[in-house]
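Only one structure is covered here, and it is reproduced in the block below.
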Amino acid sequence: MFHSFKEIEEYILEKNIKKRLALANAQDEDTLSAVVMAAKRGVIEPVLIGVPEKIKELLKSMGENPEAYEILEERDERKAGMLACQMVKDGEADMPMKGLMQTATFMRCILDKERYGFVPDGALLSQATVMEFQDRMMIVTDCAVNVTPDYNDKVKLIRNAVKLAGDIHIEYPKVAVVSALETVNPKMQSTVDAAMLSKAADRGQIKGCIVDGPFGLDNAISEEAALCKGIKSPVAGKPDILLMPDLCAGNIFTKSIHYFANIVSSGTLCGTTVPVVMTSRTDSPEDKYYSILTAIMQCV
(Lines give C-alpha, C1' and ligand atoms only; values in the text may rest on other atoms or scores of the structure.)
Protein backbone atom coordinates (compact mmCIF):
# COMPACT_ATOMS: atom_id res chain seq x y z
CA MET A 1 0.00 0.00 0.00
CA PHE A 2 1.22 3.50 -0.85
CA HIS A 3 1.21 6.22 1.80
CA SER A 4 1.83 9.22 -0.45
CA PHE A 5 2.12 10.40 -4.03
CA LYS A 6 5.86 10.50 -3.48
CA GLU A 7 5.81 6.73 -2.94
CA ILE A 8 3.75 6.29 -6.11
CA GLU A 9 6.31 8.35 -8.02
CA GLU A 10 9.17 6.29 -6.57
CA TYR A 11 7.41 3.07 -7.60
CA ILE A 12 6.93 4.29 -11.18
CA LEU A 13 10.57 5.34 -11.43
CA GLU A 14 11.83 2.13 -9.83
CA LYS A 15 9.83 0.04 -12.29
CA ASN A 16 11.04 2.26 -15.16
CA ILE A 17 7.47 2.93 -16.27
CA LYS A 18 7.11 5.69 -18.85
CA LYS A 19 3.87 6.41 -20.68
CA ARG A 20 3.08 8.59 -23.67
CA LEU A 21 0.63 11.40 -22.87
CA ALA A 22 -1.33 13.48 -25.41
CA LEU A 23 -2.19 16.92 -23.98
CA ALA A 24 -5.11 18.56 -25.80
CA ASN A 25 -4.94 22.36 -26.03
CA ALA A 26 -1.57 22.46 -24.35
CA GLN A 27 -1.35 26.27 -24.21
CA ASP A 28 -2.28 26.35 -20.51
CA GLU A 29 0.46 27.40 -18.07
CA ASP A 30 -0.49 25.27 -15.05
CA THR A 31 -1.28 22.12 -17.03
CA LEU A 32 1.80 22.48 -19.19
CA SER A 33 3.90 23.01 -16.05
CA ALA A 34 2.63 19.69 -14.69
CA VAL A 35 3.37 17.91 -17.97
CA VAL A 36 6.86 19.43 -18.16
CA MET A 37 7.45 18.32 -14.55
CA ALA A 38 6.35 14.78 -15.42
CA ALA A 39 8.56 14.72 -18.52
CA LYS A 40 11.62 16.00 -16.63
CA ARG A 41 11.10 13.41 -13.90
CA GLY A 42 11.01 10.70 -16.55
CA VAL A 43 7.49 9.32 -16.08
CA ILE A 44 5.95 10.44 -19.39
CA GLU A 45 6.78 11.28 -22.97
CA PRO A 46 4.46 14.18 -23.87
CA VAL A 47 2.79 15.16 -27.12
CA LEU A 48 1.61 18.78 -26.99
CA ILE A 49 -1.41 19.53 -29.17
CA GLY A 50 -2.66 23.06 -29.75
CA VAL A 51 -1.43 26.47 -30.88
CA PRO A 52 2.33 26.03 -31.47
CA GLU A 53 3.46 29.62 -30.95
CA LYS A 54 1.65 29.87 -27.61
CA ILE A 55 2.96 26.49 -26.45
CA LYS A 56 6.52 27.41 -27.41
CA GLU A 57 6.24 30.76 -25.64
CA LEU A 58 5.10 29.05 -22.45
CA LEU A 59 7.86 26.44 -22.68
CA LYS A 60 10.50 29.17 -23.06
CA SER A 61 9.08 30.99 -20.00
CA MET A 62 9.63 27.76 -18.06
CA GLY A 63 13.24 27.58 -19.19
CA GLU A 64 12.51 24.73 -21.60
CA ASN A 65 13.71 24.24 -25.16
CA PRO A 66 10.59 23.90 -27.36
CA GLU A 67 12.58 21.83 -29.84
CA ALA A 68 12.84 19.10 -27.22
CA TYR A 69 9.06 18.58 -27.27
CA GLU A 70 6.76 17.05 -29.87
CA ILE A 71 4.22 19.75 -30.75
CA LEU A 72 1.26 19.15 -33.08
CA GLU A 73 -0.70 22.07 -34.46
CA GLU A 74 -4.48 22.09 -33.94
CA ARG A 75 -6.07 25.47 -33.29
CA ASP A 76 -9.62 24.26 -32.82
CA GLU A 77 -10.41 23.26 -29.22
CA ARG A 78 -12.72 20.36 -30.10
CA LYS A 79 -10.41 18.99 -32.77
CA ALA A 80 -7.47 19.14 -30.35
CA GLY A 81 -9.42 16.89 -27.98
CA MET A 82 -10.34 14.59 -30.83
CA LEU A 83 -6.72 14.33 -31.97
CA ALA A 84 -5.56 13.41 -28.45
CA CYS A 85 -8.21 10.67 -28.26
CA GLN A 86 -7.44 9.41 -31.76
CA MET A 87 -3.76 9.07 -30.88
CA VAL A 88 -4.69 6.92 -27.88
CA LYS A 89 -7.05 4.79 -29.97
CA ASP A 90 -4.35 4.29 -32.61
CA GLY A 91 -1.77 3.29 -30.00
CA GLU A 92 0.31 6.43 -30.55
CA ALA A 93 -0.30 7.56 -26.95
CA ASP A 94 -1.35 5.86 -23.73
CA MET A 95 -3.61 8.55 -22.25
CA PRO A 96 -5.31 11.81 -23.23
CA MET A 97 -5.15 14.84 -20.95
CA LYS A 98 -7.37 17.90 -20.87
CA GLY A 99 -5.62 21.23 -21.32
CA LEU A 100 -7.13 24.66 -21.89
CA MET A 101 -10.64 23.64 -22.89
CA GLN A 102 -14.15 23.36 -21.54
CA THR A 103 -14.77 20.14 -19.63
CA ALA A 104 -17.91 19.50 -21.69
CA THR A 105 -15.89 19.66 -24.91
CA PHE A 106 -13.33 17.18 -23.62
CA MET A 107 -16.02 14.88 -22.24
CA ARG A 108 -17.79 14.75 -25.61
CA CYS A 109 -14.59 13.37 -27.09
CA ILE A 110 -14.16 10.77 -24.34
CA LEU A 111 -17.80 9.68 -24.64
CA ASP A 112 -17.75 9.34 -28.44
CA LYS A 113 -18.30 5.57 -28.65
CA GLU A 114 -18.34 5.39 -32.44
CA ARG A 115 -14.93 7.04 -32.85
CA TYR A 116 -13.01 5.90 -29.78
CA GLY A 117 -14.97 3.38 -27.69
CA PHE A 118 -13.37 4.44 -24.40
CA VAL A 119 -16.56 3.76 -22.42
CA PRO A 120 -17.88 0.18 -22.78
CA ASP A 121 -21.61 -0.55 -23.03
CA GLY A 122 -23.13 -0.78 -19.58
CA ALA A 123 -20.24 1.05 -17.92
CA LEU A 124 -20.76 4.20 -15.89
CA LEU A 125 -18.28 7.01 -16.32
CA SER A 126 -17.36 8.51 -12.96
CA GLN A 127 -14.82 10.80 -11.36
CA ALA A 128 -12.68 10.02 -8.34
CA THR A 129 -10.35 12.13 -6.24
CA VAL A 130 -7.32 10.43 -4.73
CA MET A 131 -5.87 12.24 -1.73
CA GLU A 132 -3.23 11.87 0.94
CA PHE A 133 -4.92 11.59 4.33
CA GLN A 134 -3.34 10.63 7.66
CA ASP A 135 -0.31 8.95 6.11
CA ARG A 136 -2.30 6.93 3.59
CA MET A 137 -4.22 7.25 0.34
CA MET A 138 -7.99 7.70 0.23
CA ILE A 139 -10.42 7.83 -2.71
CA VAL A 140 -13.51 10.06 -2.84
CA THR A 141 -16.22 9.62 -5.47
CA ASP A 142 -18.13 11.04 -7.36
CA CYS A 143 -17.15 14.69 -7.36
CA ALA A 144 -17.62 15.83 -10.96
CA VAL A 145 -19.68 13.60 -13.27
CA ASN A 146 -22.79 11.93 -11.79
CA VAL A 147 -25.15 14.56 -10.38
CA THR A 148 -27.73 12.49 -8.48
CA PRO A 149 -26.71 8.81 -8.68
CA ASP A 150 -29.39 6.28 -7.75
CA TYR A 151 -28.76 2.93 -6.04
CA ASN A 152 -27.71 1.13 -9.24
CA ASP A 153 -25.40 3.99 -10.17
CA LYS A 154 -23.80 3.84 -6.73
CA VAL A 155 -23.07 0.15 -7.18
CA LYS A 156 -21.14 1.07 -10.32
CA LEU A 157 -19.44 3.99 -8.59
CA ILE A 158 -18.18 1.58 -5.93
CA ARG A 159 -16.96 -0.88 -8.56
CA ASN A 160 -15.12 1.89 -10.39
CA ALA A 161 -13.51 3.12 -7.18
CA VAL A 162 -12.54 -0.42 -6.13
CA LYS A 163 -10.82 -0.89 -9.49
CA LEU A 164 -8.94 2.38 -8.98
CA ALA A 165 -8.02 1.31 -5.45
CA GLY A 166 -6.45 -1.85 -6.84
CA ASP A 167 -4.50 0.22 -9.37
CA ILE A 168 -2.87 2.17 -6.52
CA HIS A 169 -2.27 -1.02 -4.51
CA ILE A 170 -5.09 -0.79 -1.97
CA GLU A 171 -6.21 -4.39 -1.49
CA TYR A 172 -9.78 -5.20 -0.47
CA PRO A 173 -10.70 -1.56 0.22
CA LYS A 174 -13.12 -0.43 2.92
CA VAL A 175 -15.95 1.69 1.49
CA ALA A 176 -17.77 4.19 3.70
CA VAL A 177 -21.11 5.30 2.25
CA VAL A 178 -21.49 8.87 3.46
CA SER A 179 -24.65 10.83 4.18
CA ALA A 180 -25.68 13.60 6.58
CA LEU A 181 -26.20 11.14 9.43
CA GLU A 182 -25.40 7.59 10.44
CA THR A 183 -28.90 6.19 10.85
CA VAL A 184 -31.39 5.15 8.19
CA ASN A 185 -34.07 7.77 7.57
CA PRO A 186 -36.68 6.90 4.91
CA LYS A 187 -37.01 10.62 4.13
CA MET A 188 -33.32 10.79 3.24
CA GLN A 189 -32.75 8.51 0.25
CA SER A 190 -28.96 8.53 0.60
CA THR A 191 -29.24 6.76 3.97
CA VAL A 192 -31.54 4.12 2.49
CA ASP A 193 -29.13 3.60 -0.43
CA ALA A 194 -26.26 3.25 2.03
CA ALA A 195 -28.00 0.52 4.00
CA MET A 196 -28.90 -1.34 0.80
CA LEU A 197 -25.32 -1.10 -0.49
CA SER A 198 -23.97 -2.41 2.80
CA LYS A 199 -26.33 -5.39 2.74
CA ALA A 200 -25.61 -6.09 -0.92
CA ALA A 201 -21.89 -6.25 -0.15
CA ASP A 202 -22.55 -8.58 2.80
CA ARG A 203 -24.36 -10.94 0.42
CA GLY A 204 -21.58 -10.84 -2.16
CA GLN A 205 -23.48 -8.74 -4.70
CA ILE A 206 -20.71 -6.13 -4.54
CA LYS A 207 -17.36 -7.89 -4.60
CA GLY A 208 -13.78 -7.07 -3.76
CA CYS A 209 -14.46 -4.70 -0.89
CA ILE A 210 -16.15 -4.11 2.46
CA VAL A 211 -19.06 -1.68 2.34
CA ASP A 212 -20.79 -0.08 5.32
CA GLY A 213 -23.08 2.86 5.94
CA PRO A 214 -24.72 5.16 6.31
CA PHE A 215 -22.04 7.24 7.98
CA GLY A 216 -21.84 10.88 8.79
CA LEU A 217 -18.55 12.25 7.55
CA ASP A 218 -17.23 12.53 11.10
CA ASN A 219 -17.80 8.90 12.05
CA ALA A 220 -16.70 7.72 8.61
CA ILE A 221 -13.17 9.09 9.01
CA SER A 222 -12.76 9.18 12.80
CA GLU A 223 -12.81 6.10 15.03
CA GLU A 224 -13.23 8.37 18.03
CA ALA A 225 -16.31 9.99 16.52
CA ALA A 226 -17.72 6.56 15.67
CA LEU A 227 -17.21 5.30 19.23
CA CYS A 228 -18.91 8.41 20.62
CA LYS A 229 -22.02 7.44 18.67
CA GLY A 230 -21.78 3.73 19.49
CA ILE A 231 -20.87 2.69 15.95
CA LYS A 232 -18.98 -0.59 15.66
CA SER A 233 -17.78 -1.20 12.12
CA PRO A 234 -14.61 -2.41 10.38
CA VAL A 235 -14.98 0.63 8.10
CA ALA A 236 -15.57 3.45 10.60
CA GLY A 237 -12.44 5.55 10.96
CA LYS A 238 -10.52 3.39 8.46
CA PRO A 239 -12.12 3.92 5.03
CA ASP A 240 -10.15 3.65 1.81
CA ILE A 241 -13.08 4.94 -0.25
CA LEU A 242 -15.67 7.58 0.61
CA LEU A 243 -18.82 7.26 -1.51
CA MET A 244 -20.57 10.63 -1.51
CA PRO A 245 -24.38 10.90 -1.71
CA ASP A 246 -24.32 13.16 -4.78
CA LEU A 247 -22.12 15.40 -6.89
CA CYS A 248 -22.79 18.53 -4.82
CA ALA A 249 -21.54 16.87 -1.64
CA GLY A 250 -18.52 15.39 -3.38
CA ASN A 251 -17.61 18.58 -5.17
CA ILE A 252 -17.89 20.75 -2.06
CA PHE A 253 -15.90 18.20 -0.04
CA THR A 254 -12.99 17.99 -2.47
CA LYS A 255 -12.79 21.77 -2.84
CA SER A 256 -12.88 22.10 0.94
CA ILE A 257 -9.93 19.77 1.48
CA HIS A 258 -7.96 21.84 -1.02
CA TYR A 259 -8.83 25.36 0.07
CA PHE A 260 -9.30 24.83 3.82
CA ALA A 261 -6.82 22.03 4.56
CA ASN A 262 -4.30 22.21 1.69
CA ILE A 263 -4.55 18.44 1.24
CA VAL A 264 -2.83 17.31 -1.95
CA SER A 265 -4.94 15.28 -4.34
CA SER A 266 -5.37 14.03 -7.88
CA GLY A 267 -8.45 13.70 -10.06
CA THR A 268 -9.15 10.88 -12.49
CA LEU A 269 -11.95 9.42 -14.59
CA CYS A 270 -13.07 5.85 -13.91
CA GLY A 271 -15.08 3.44 -16.02
CA THR A 272 -13.01 4.00 -19.16
CA THR A 273 -10.88 1.49 -21.07
CA VAL A 274 -7.91 3.89 -21.02
CA PRO A 275 -6.64 6.26 -18.33
CA VAL A 276 -7.91 9.81 -18.79
CA VAL A 277 -6.33 12.84 -17.10
CA MET A 278 -9.05 15.43 -16.55
CA THR A 279 -8.16 18.05 -13.97
CA SER A 280 -9.91 21.22 -12.85
CA ARG A 281 -8.72 24.59 -14.15
CA THR A 282 -8.14 25.63 -10.52
CA ASP A 283 -5.96 22.62 -9.66
CA SER A 284 -2.36 23.48 -8.88
CA PRO A 285 0.44 22.22 -11.16
CA GLU A 286 1.41 19.85 -8.32
CA ASP A 287 -2.10 18.32 -8.16
CA LYS A 288 -2.16 18.03 -11.95
CA TYR A 289 1.16 16.19 -11.76
CA TYR A 290 -0.28 13.82 -9.16
CA SER A 291 -3.20 13.20 -11.55
CA ILE A 292 -0.69 12.13 -14.19
CA LEU A 293 0.93 9.73 -11.69
CA THR A 294 -2.49 8.27 -10.87
CA ALA A 295 -3.26 7.77 -14.56
CA ILE A 296 0.08 6.01 -15.07
CA MET A 297 -0.80 3.57 -12.29
CA GLN A 298 -4.07 2.85 -14.15
CA CYS A 299 -1.94 1.77 -17.13
CA VAL A 300 0.23 -0.68 -15.21
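The values are calculated or read from the model by the stated rules, or taken from the named source; none is laboratory data. Everything numeric in this text was worked out from a predicted model, so none of it was measured. Positions of Cβ are backbone-derived with ideal geometry, glycine not excepted, and every protein chain shown enters the neighbour counts. Areas reflect the complete protein model, heavy atoms only, side chains present, ligands, DNA and RNA absent. Shrake-Rupley method; radii C 1.70, N 1.55, O 1.52, S 1.80 Å.
Could you order peptides 251-258, 277-284 by the average number of other Cβ atoms within 10 Å of their residues, highest first?
Details: 251-258: 16.4, 277-284: 18.6.
Packing order, densest peptide first, comes out as 277-284, 251-258.
Which value, in Å², gives the accessible area per residue of the chain when a 1.4 Å probe is used on the protein heavy atoms?
On the way: 13470 Å² over 300 residues.
Roughly 45 Å² per residue, with all protein chains present.
Treating the angle as unsigned and between 0 and 90°, give the value, to the nearest 10°, between the Cα long axis of helix 52-61 and the longest Cα principal axis of the chain.
80 degrees
From the backbone phi of segment 269-279, what are the Karplus-calculated ³J(HN,Hα) couplings (6.51 cos²θ - 1.76 cosθ + 1.60, θ = phi - 60°) in whole Hz, Gly and Pro given as x?
With coefficients 6.51, -1.76 and 1.60, one gets 8, 10, x, 9, 7, 10, x, 10, 9, 10, 9 Hz.
Cα gyration tensor of segment 8-166, axes a ≥ b ≥ c as square roots of the eigenvalues: rounded (a/c below 1.5), prolate (a/b > b/c) or oblate? Please report the intermediate quantities before stating the final value.
Numbers: a/c = 1.99, a/b = 1.37, b/c = 1.46.
Note, shape of segment 8-166 comes out oblate.
So which aspartates and glutamates can Lys15 reach, going by Cα to Cα under 15 Å and dropping same-chain residues fewer than 8 places off?
Glu7, Asp167
Taking amide H positions as placed 1.01 Å from N in the peptide plane, with prolines and chain starts having none, which residues 5 or more places from Cys270, or on another chain, fall under 5 Å of its amide H?
Residues meeting the amide H criterion: Ser126, Gln127, Ala128.
Determine the shape class of segment 1-95: with a ≥ b ≥ c the square roots of the Cα gyration tensor eigenvalues, call it rounded for a/c under 1.5, and otherwise prolate if a/b is greater than b/c, oblate otherwise.
Values: a/c = 2.23, a/b = 1.44, b/c = 1.55.
Oblate shape, in that a/c is at least 1.5 and b/c is the bigger or equal ratio.
Amide H neighbours of Ile206 under 5 Å, counting only residues 5+ apart in sequence or on other chains, H built in-plane at 1.01 Å?
Amide H to amide H, under 5 Å and 5 or more residues apart or across chains, Ile206 pairs with Ala201.
Report, in degrees rounded to the nearest 10, the 0 to 90 angle that the Cα long axis of helix 5-14 makes with the longest principal axis of the chain.
For 5-14 against the chain, the angle is about 50 degrees.
What net charge do the residues around Arg136 carry, taking every other residue with its C-beta under 10 Å from that of Arg136, with Lys and Arg at +1 and Asp and Glu at -1?
On the way: positive: Lys238; negative: Glu132, Asp135, Asp240.
After counting each charged neighbour, the total is -2.
Could you rank the peptides 112-123, 172-183 by their average count of other C-beta atoms within 10 Å per residue, with the highest value first?
Order by mean packing, descending: 172-183, 112-123.
Taking all protein chains as present, what is the carbon and sulfur share of the accessible area of segment 150-201, in % to the nearest whole number, probe 1.4 Å?
On the way: 1260 of 2380 Å².
So the carbon and sulfur contribution to the accessible surface is 53 percent.
Just for the chain, what percent of DSSP beta bridges are antiparallel, to the closest 5? Could the numbers behind the result be given before it?
Numbers: 11 of 36 bridges.
About 30 percent, rounded to the nearest 5.
If I fit a long axis through the Cα atoms of helix 189-202 and take the longest principal axis of the Cα atoms of the chain, what angle between them do I get, 0 to 90°, rounded to 10?
Helix 189-202 sits at roughly 90 degrees to that axis.
Which percent of the accessible heavy-atom area of segment 235-300 goes to carbon and sulfur, probe 1.4 angstrom? Working shown, then result.
Values: 1320 of 2290 Å².
In segment 235-300, the share of accessible area belonging to carbon and sulfur is 58 percent.
On a straight-distance basis, which lysines could pair with Lys255 in a cross-link, Cα separation under 18 angstrom, same-chain partners fewer than 8 positions away excluded?
Lys288
Could you sort out which of Lys6/Lys40; Lys18/Lys40; Lys18/Lys98; Lys19/Lys54; Lys113/Lys156 sit more than 21 Å apart by Cα distance in this structure? Please report the intermediate quantities before stating the final value.
Details: Lys6/Lys40 15 Å; Lys18/Lys40 11 Å; Lys18/Lys98 19 Å; Lys19/Lys54 25 Å; Lys113/Lys156 19 Å.
Pairs exceeding the cut-off: Lys19/Lys54.
Whole-Hz ³J(HN,Hα) for each residue in segment 219-224, computed from phi via Karplus 6.51 cos²θ - 1.76 cosθ + 1.60 with θ = phi - 60°, x for glycine and proline: what do you get?
3J(HN,Hα) across segment 219-224, in whole Hz: 7, 6, 9, 10, 5, 4.
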